[in-house]
Amino acid sequence: MDQERWGRRIKAFRKLKGFTQIEFSDATGISLSIVGEVERGKRKPSDEFLERTVEVLGVSLVELEPPIEKVNAKADNSSH
């Protein structure tokens with residue numbers, strides 16, 4: 001689940017910055033197949049992948065990181 005959220009964020013920022021997957025792969029030095037796997041949520045991005053991504057896209061890791069999902073409030077209240 002977490003890797004899917006990372007993949008969606010990375011893909012969104014890549015597109016926002018105007019990179020195709022091929023251009024992004026070339027700019028980061030990460031293979032196209034790995035970029036695709038990360039974006040599809042099939043692979044969790046490594047620390048090196050994230051470092052290269054933020055450098056190429058010009059964003060911080062905090063900006064790139066998926067937001068924390070809110071816990072279901074109804075489930076929390078049912079225990080009281």
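Since every read-out is calculated from the coordinates, none of them should be taken as a lab result. These numbers come from a predicted model, not from an experiment. Cβ placement follows ideal geometry from the backbone for every residue including glycine, while neighbour counts extend to all protein chains displayed.
Per-structure values
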| read-out | value |
| --- | --- |
| Global form of the stretch 25-67, assessed from the alpha-carbon gyration tensor, a/c cut-off 1.5 | oblate |
| 222 nm mean residue ellipticity, helices alone, for the chain (DSSP H n ≥ 4; -39,500 (n - 2.57); rounded to 500) | -17500 deg cm²/dmol |
| Lysine-lysine proximity count for the chain, Cα under 24 Å, sequence distance 8 or more or distinct chains | 9 |
| Ratio of the Cα radius of gyration of the chain to 2.2 N^0.38 Å, where N counts its residues | 1.30 |
| Net charge of neighbours whose Cβ lies under 11 Å from the Cβ of Glu37, counting Lys and Arg as +1 and Asp and Glu as -1 | +3 |
